[in-house]
Every structure is written in structure tokens, then in C-alpha cells.
Amino acid sequence: MSYKAYDDKNLGFTTRQLHAGYNPAEHYRSKAVPIYQTAAFELGDYDRCVRLFDYSEEGHSYVRFSNPTNDVLEKRIASLEGGAAALSLASGMAAITDTFLNLANAGDEIVAVQTLYGGSTTLLSKILPDYGITGRFVEDENDIESYEKVITDKTKAIYIECLGNPGMNIIDIQAVADLAHKHGIPLVIDNTFATPYLLRPFEYGADIVVYSATKYLAGHGTIISGLVVEKGGFNWLNGKFPQFESFYKEYENSIGREVLDREMFTKRLRTRFLMEMGAHLSPMNAFFLLQGIETLSLRMERHTQNALKVAQFLEAHPKVESVSYPGLASSPYYELGKKYFPKGPGAILSANISGGFEGALKVLENVRIFDYMVNVGDAKSLIVHPMSSTHFSQSEEECAKAGVYKNTLRLSIGIEDAEDLIEDLRQALEKI
Ligand code: PLP
């Protein structure tokens, strides 16, 4: 029998989440992806060592920047995303930070929306500016003119998220990608809340996708992990990215032009940032992440079905003032949701509870199945009061912009039985 599922691009998503990128014949025919728990690899002979270090030969030498277990994970996510290459990092924030560092030099700017995960906003507004890279924030993420207004000659990327947190707003990805390309810059998108099962941003023009794989991709809530995926084909030699021009010159004879033309972003990320600054995902966590990805499509289907049922229940409940979930016809993002998320717009929602802060607190203190946690995307249902946790450092005005009020609760709907989740919320709401 000849096993070919590892590189058959025509297979369906669920088949690929189990097989893509792993050829057992290259690993003693182990059916599980082996964990290469080693710090380094034996180099063989002198000539091979040189080939590994000038990248003319694919292989592994030191686990700060590559490992065969991670290699399977990277090929698998690239396949699921429809991209040319991927890289696995120790956290979502490491993936996002290294992406920005790969794109921008001191003096450059990144244009971003205001409805980002708090860590990404802080990175762009308070940390990277100290190193000369400035985040420029768009006034209204739904208005394409707003993006145009903050793009300058120094802009090196536009950065958005697939679903805003916790308001679950949806941006018109295709329109923003077209604008980015008009200016010769890439569109980078954090696809954490959707995963490639619900949304494949490359199909709408995005160039780089980043993940906190800690969330749905892993699903089991046992590891911190990040991924960067490159679509391939972006013209990094268009005069706006001197760092890629010098990298191309340095490696065109060893890595080769064909590979660089296809996946230069990932090659530079690995050889510059993972190699010299670290933050590669550990092989053990790469294995755990692969375990999670094996069931991604099945979990996401259940997550979104449950989320819609819970959102409908909450919207009809007299003790709930409003619910933000793009799967509800009442959502201002309902139409965009149908376009970009035909399988359902994720499973995170927020609800404003009657009775102000005290009402929200009553629900928080009385739920029995939902866990009180700042995390999202676990198979188990989670609940949090954003104003006193995820948005703690933001002013009331900034919170209001993100759709966070004193009585707002954010819910990450898990894959439990929907009836149990609804019953849990019903009895907690009755306590108000
Ligand atoms: N992106 C989003 C949308 C997130 O929600 C998070 C974390 O909550 C991150 C990035 C950061 O990921 P990590 O916690 O894996 O570093």
C-alpha cells in the first residue's frame, strides 16, 4: 500500500486535519506523529553541516528554530489554510510580535483597527513604538476611507482580526485586502476566533494569517501556542521592503529563487527571528496542538451550533438587554457574517445583562457549568466580565468603543450539550 494522504491537496478539510504533512514512512511508520524530544540533531558530515546552515538542504540542526514534530504541524496548518508555508511559535503573542518585526523596521508603521485583542493593541501602541515601529489606528474599521487616511509611505502592513473581541464585529476583509494591495503592502489577519474551518482569509486576499493556537486550534486548553501562515506570492521585492531585498540577495543561490518567491516571509521569520531570538514552539506542545487539530472541524461545527442556540436564548430572555453575535439577524454584522462565515461566525458572544453591574455579577457567580476564565476557545464553556479583566486597563470610553460596559459578560460557548448550557444560564439569570 502506498500512503499518499500527507500531500494530497484535493482531500477534504477533515481528512487533511488528520493526515496532511505527515508521512509515516519517514518516521519508522509510527502512526502517531513522534515527539522529537531533543535539543539538537547530529549533523552528519562537514558538507551536510554547511548545506544545513546555508539552507540549501532542508533538515534540522538545533531545536530553537526547527524540529520534525513542528514540521508536521507547520505543513498541516499550511494545508488547512491553503497557504504556502507556516511557522509554529511559543505563543500567539510571539507569532504576532515576530510578524510585525519581520514586516517593519525602525521608522516604519503598521496600520491596525482598534477592535484588536488587548495584547496586540498594547504591542502596537506602547511597546513597538519604543523600538521605532509605530501602530497607527483606524478611526472606524467599517469605513475603508478611515484606513486610507492613516496609510503613509512608511506603512508596511494593515492588521485586522477576523472577529472583534468581545463585540464580534466583522471587517470586510476583501475590501481591506484590495486597499492594502493598492499600496503595495500585505494584509495580516489574526484568525484565532474563526480557525481555517470557519474562515480561510487567503481566499479573500489576506497575505499572512496569525493565530493564538492556544484557543480553538488546540481546543483542549492545555497549551500556549502560536502560528504564522503565509499565503505565498506576495511581491516583497516591490521596493517597500529593503529587509527582504537584502535577504533575497543573501539566499537566492542557496535557498533558491523558487522557494523564496513562494515563501520568503516564513523563511526570513525562521532564519532571522526564530534562529536568533528564539520562541519556537516546543516539540511536545507541537504534538499537543496536532492532537487538537485532528478534531477541529467537528468541534467548530458543534461550537457554532451551540453558540447560535445560546445567543437566541439570551436574546429572548427578559433579563438580557442585548446580545452581540453576528449569527443573530439583529446583529449589524449579520450580512457580512453570511458572506465570510457561511458555517457560522464563531462561538464567542457578549451579552449586556439587566440590573447593571450587579446583574452581571449575579450571573457570573451563579453559573455552574461555565468556568469563570479570561481564556476563550476551549472545548468547555467559559465566561468573563471583560471590564474587570481583559479590558481592565482601558478607560470607560475605550471600553464603550469595544462594546464593553459594566453589565457586559463575554461567553465562549463550548461543545457541551446546548440544553445544559441554556439551563445553566437560565437558572443564573433567575437569581437577578
Ligand atoms: N490573538 C487573540 C485574538 C487572542 O484572543 C489572544 C489571547 O487571548 C492572542 C492573540 C494571544 O495569544 P496567546 O495567549 O497564545 O499568546
- [ ] Would you mention how many residues in segment 221-233 are surrounded by fewer than 24 Cβ atoms within 10 Å (Cβ to Cβ) and over 23 Å from Pro345 (Cβ atoms)?
- [x] 5
- [ ] Return yes when Ser381 is buried (at least 24 other Cβ atoms within 10 Å of the Cβ), touching a residue at least 24 places away in the same chain (Cβ under 8 Å) and out of contact with any strand residue (DSSP E or B) (no Cβ under 6 Å at 6 or more places or on another chain) and no when it is not.
- [x] yes
Task: Scope segment 226-245; condition more than 19 Å from Leu101 (Cβ to Cβ) and either within 16 Å of the ligand (Cβ to nearest atom) or of a type in the set (A, V, I, L, M) (or both); matching residues - done: Leu237
Open item on the list: Taking the criterion of being modelled with pLDDT of 95 or more and either among the aromatic types (Phe, Trp, Tyr) or under 18 Å from the mean Cα position of the chain (by Cα) (or both), would at least one residue in segment 316-324 satisfy it?
Closed with: no
Open item on the list: Step by step: first the residues of segment 271-292, then only those that are touching a Phe, Trp or Tyr at 6+ places or on another chain (Cβ under 9 Å) and outside any helix (DSSP H, G or I), then the one that is nearest to Ile35 (Cα to Cα). Which residue is that?
Closed with: His280
Task: Search result, residues across segment 87-105 that are of a type in the set (Gly, Ala, Ser) and more than 15 Å from the ligand (Cβ to nearest atom) - done: Ala104
Open item on the list: Is it the case, given these coordinates, that Tyr147 is aromatic (Phe, Trp, Tyr) and either within 11 Å of the chain's Cα centre (by Cα) or within 13 Å of the ligand (Cβ to nearest atom) (or both)?
Closed with: no
Task: Total residues in segment 359-385, condition within 16 Å of the ligand (Cβ to nearest atom) and among the β-branched types (Val, Ile, Thr) - done: 4
Task: Extreme residue, farthest from Phe288 (Cα to Cα), among residues of segment 71-122 that are assigned to a helix (DSSP H, G or I) and acidic (Asp, Glu) - done: Asp98
TODO: Report, by residue number, each residue of segment 126-136 that is surrounded by fewer than 23 Cβ atoms within 10 Å (Cβ to Cβ), closer than 16 Å to Tyr147 by Cα and either within 14 Å of the ligand (Cβ to nearest atom) or not polar (S, T, N, Q) (or both).
DONE: Arg136
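Filter segment 106-125 for residues that are hydrophobic (A, V, I, L, M, F, W, C), within 14 Å of the ligand (Cβ to nearest atom) and under 21 Å from Leu179 (Cβ atoms) and give the result.
Ala112, Val113, Leu116, Leu124
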- [ ] Determine if segment 339-357 includes at least one residue that is without any contact (Cβ under 8 Å) to a residue 40 or more places away in the chain, surrounded by fewer than 18 Cβ atoms within 10 Å (Cβ to Cβ) and out of contact with any Asp or Glu (no Cβ under 7 Å at 6 or more places or on another chain).
- [x] yes
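Among strands (runs of 3 or more DSSP E) lying entirely in segment 316-432, which contain 2 or more residues that are out of contact with any helix residue (DSSP H, G or I) (no Cβ under 7 Å at 6 or more places or on another chain) and not polar (S, T, N, Q)?
Of the strands (runs of 3 or more DSSP E) lying wholly inside segment 316-432, those with at least 2 residues that are out of contact with any helix residue (DSSP H, G or I) (no Cβ under 7 Å at 6 or more places or on another chain) and not polar (S, T, N, Q) span 382-384.
Suppose the filter is in contact (Cβ under 8 Å) with a residue 40 or more places away in the chain and more than 22 Å from Thr304 (Cβ to Cβ); does Ala402 pass it?
So Ala402 fits the description; yes.
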Task: Candidate set from segment 150-202 (those that are modelled with pLDDT of 95 or more and among the small types (Gly, Ala, Ser)); member that is farthest from the ligand (Cβ to nearest atom) - done: Gly184
Open item on the list: Suppose the filter is within 29 Å of Ala329 (Cα to Cα) and touching a strand residue (DSSP E or B) at 6+ places or on another chain (Cβ under 9 Å); does Thr214 pass it?
Closed with: no
Task: Looking only at segment 26-66, and only at residues there that are within 25 Å of Leu269 (Cβ to Cβ) and of a type in the set (Ser, Thr, Tyr), the one that is surrounded by the most Cβ atoms within 10 Å (Cβ to Cβ) - done: Ser66
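The values are calculated or read from the model by the stated rules, or taken from the named source; none is laboratory data. Being a predicted model, the structure only gives us computed values, none of them experimental. Note that we place each Cβ from the backbone using ideal geometry, even for glycine, and neighbour counts take in every protein chain shown.
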